[in-house]
């Protein structure tokens, strides 16, 4: 027996409303690849990634064919590379190049994990590793990097924050010919999660099993369409509609995740129940907020609408999956969301409002193009502000800003593909230099002492 | 294993004949059919048993899409689990 309405609803979601599995990400532990030098380690890393993820593209295509639901991205995340090359950090680049080669061999678009976790302090080998990031991002195509500089338990490592401001600048300068594209592959986190399937911030945590499948679902278009059917509903009812829709989307993700894990001989990790937009019309988180009644995203009321959306997505999704994880919530990457791009172009969406929005959604300041002459200390201060929001609110926050070389407010930047395009947003010009240069560590908040 | 076939598009002569011939050739058995015509829009849903099918579901699904293109309809064949997962607790 089948229910005709339900069958046609699913078809509509897929065909007209862009329901898809946004990513199947295989997490792979690289700890068994550590050898006595960088060359041997790099070879073991390449062999391991290629062997474990050999069938990821094939299996994703099979599943997509059988279940009739698009699987947009196939990706791999690995153990933070700073740990793999702790004994030879000056040669860390070799591991990055091996990972890029493996990603190309597998036919996947991104591989995450050129990462370090330095929330409480930066070891000497990590300082050297961090300095290798800009070169690796410039010389590789598919490797993504992330650095965790703060946590609710440890506070904010302001020395690392200062260093990351310089590294973001350097990553932009080394890819100046591509409008600073290197920065689109670099995320600075607070409270980074170990099982995030989404790029650029995915890495495979040390607490994870050897090989894990994490799946990210998405469907901003489906949620918007569901809300279009209740134009005069009050916000209680809107939240209910979002919950119900999120449940259905997540159930599709859970089904695919379990099946993918089985076929790829990996453990099923988590479903990340996120609303991840793309620059395509009809796939925008901003347009959901506008459907709720805002003339343009960024105006007053945006934070409240986003808070409701984010919470309803979680509530609907949690019951639909046996293990929910990753970032789970609404994403607000400016250049990757057509509604955000439009709002930024109108001047309605500013970086201060985006910062407020990150206090209530699942991520942070994401894919924001800023003037190329923004000082490193200002970028560090932006990172510190985001980290403070994450630390105090026990949530993940992140900064992925692109100081576009040679461009300033009034210019636009085109990254292409899923990374989209965006106008350059202004940042505050008053200096944060002295604050950032003080260094040290901002202590963890009192409410982190729960033992 | 069972799959659900949906055929949607502008109503036309011989749609059911073409689709059922195709399924019979593939060794698929139609268990249930529901069909409606709204104006000139045709929508048919079939529950199909694929246990004796001679090809993989993903391959038959691809051929369905191609058949749809040939006869000017949208034809999808999907594992029934996706519908059960999304609509049943």
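The values are calculated or read from the model by the stated rules, or taken from the named source; none is laboratory data. These figures come from a predicted structure and were not determined experimentally. All Cβ positions, glycine included, derive from the backbone under ideal geometry; neighbour counts span all protein chains shown.
Descriptive notes on the structure:
- Qualifying residue in segment A:203-214 (condition: in contact (Cβ under 8 Å) with a residue 40 or more places away in the chain, surrounded by 23 or more Cβ atoms within 10 Å (Cβ to Cβ) and at positive phi): no
- Across segment B:21-59, the qualifying residues are those that are in a helix (DSSP H, G or I) and touching a residue at least 40 places away in the same chain (Cβ under 8 Å), and the one among them that is farthest from the other protein chains (Cβ to nearest Cβ) is B:22.
- Residue A:145, sole failed condition from (1) part of a helix (DSSP H, G or I); (2) buried (at least 24 other Cβ atoms within 10 Å of the Cβ): (1)
- Here residue B:86 fulfils each of the conditions (1) surrounded by 18 or more Cβ atoms within 10 Å (Cβ to Cβ); (2) touching a strand residue (DSSP E or B) at 6+ places or on another chain (Cβ under 9 Å) apart from (2).
- Selection count, segment A:111-120, where residues are in contact with a helix residue (DSSP H, G or I) (Cβ under 7 Å, 6 or more places away or on another chain) and closer than 13 Å to residue A:74 by Cα: 1
- Subset of segment B:60-72 [more than 13 Å from chain A (Cβ to nearest Cβ) and in contact with a helix residue (DSSP H, G or I) (Cβ under 8 Å, 6 or more places away or on another chain)]: B:67, B:71
- The set of residues in segment A:349-385 being in contact with a strand residue (DSSP E or B) (Cβ under 7 Å, 6 or more places away or on another chain), surrounded by 23 or more Cβ atoms within 10 Å (Cβ to Cβ) and over 21 Å from residue A:150 (Cα atoms) consists of A:369, A:370, A:374.
- Filter result for residue A:99 (away from every other protein chain (no Cβ under 14 Å) and surrounded by fewer than 24 Cβ atoms within 10 Å (Cβ to Cβ)): no
This table checks each residue for (1) in a helix (DSSP H, G or I); (2) modelled with pLDDT of 95 or more; (3) more than 20 Å from the chain's Cα centre (by Cα).
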site	(1), (2), (3)
A:296	no, yes, yes
A:305	yes, yes, yes
A:308	yes, yes, yes
A:322	no, no, yes
A:327	no, no, no
A:340	yes, yes, no
A:343	yes, yes, yes
A:356	yes, yes, no
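- So residue A:6, is it under 26 Å from residue B:64 (Cα atoms), under 24 Å from the mean Cα position of the chain (by Cα) and either part of a loop (DSSP other than H, G, I, E, B) or at pLDDT below 95 (or both): no
- Considering only residues in segment A:265-277 that are out of contact with any helix residue (DSSP H, G or I) (no Cβ under 6 Å at 6 or more places or on another chain) and farther than 16 Å from residue A:209 by Cα, the one that is surrounded by the most Cβ atoms within 10 Å (Cβ to Cβ) turns out to be A:274.
- Unique residue being farther than 15 Å from residue A:21 by Cβ and either surrounded by 24 or more Cβ atoms within 10 Å (Cβ to Cβ) or in contact with a strand residue (DSSP E or B) (Cβ under 8 Å, 6 or more places away or on another chain) (or both) when the list is A:307, A:286: A:286
- Residue satisfying condition, being crowded, with 20+ Cβ neighbours inside 10 Å and more than 14 Å from every other protein chain (Cβ to nearest Cβ), within set A:51, A:87, A:38, A:44: A:38
- Every residue from segment A:9-35 that is outside any helix (DSSP H, G or I) and either on the phi > 0 side of the Ramachandran plot or more than 14 Å from every other protein chain (Cβ to nearest Cβ) (or both): A:18, A:22, A:23, A:24, A:25, A:26, A:27, A:28, A:29, A:30, A:34, A:35
- Flag if residue B:79 is facing chain A (nearest Cβ under 9 Å), in contact (Cβ under 8 Å) with a residue 24 or more places away in the chain and surrounded by 13 or more Cβ atoms within 10 Å (Cβ to Cβ): yes
- Among the residues of segment A:66-74, some residue qualifies, meaning at least one is in contact with a helix residue (DSSP H, G or I) (Cβ under 6 Å, 6 or more places away or on another chain), away from chain B (no Cβ under 14 Å) and in contact (Cβ under 8 Å) with a residue 40 or more places away in the chain.
- Unique residue being out of contact with any helix residue (DSSP H, G or I) (no Cβ under 7 Å at 6 or more places or on another chain), within 14 Å of chain B (Cβ to nearest Cβ) and either over 23 Å from residue A:294 (Cβ atoms) or surrounded by 20 or more Cβ atoms within 10 Å (Cβ to Cβ) (or both) when the list is A:262, A:248: A:262
- Residue that is farthest from residue B:78 (Cα to Cα), among those in segment B:35-54 that are surrounded by fewer than 15 Cβ atoms within 10 Å (Cβ to Cβ) and within 15 Å of the chain's Cα centre (by Cα): B:36
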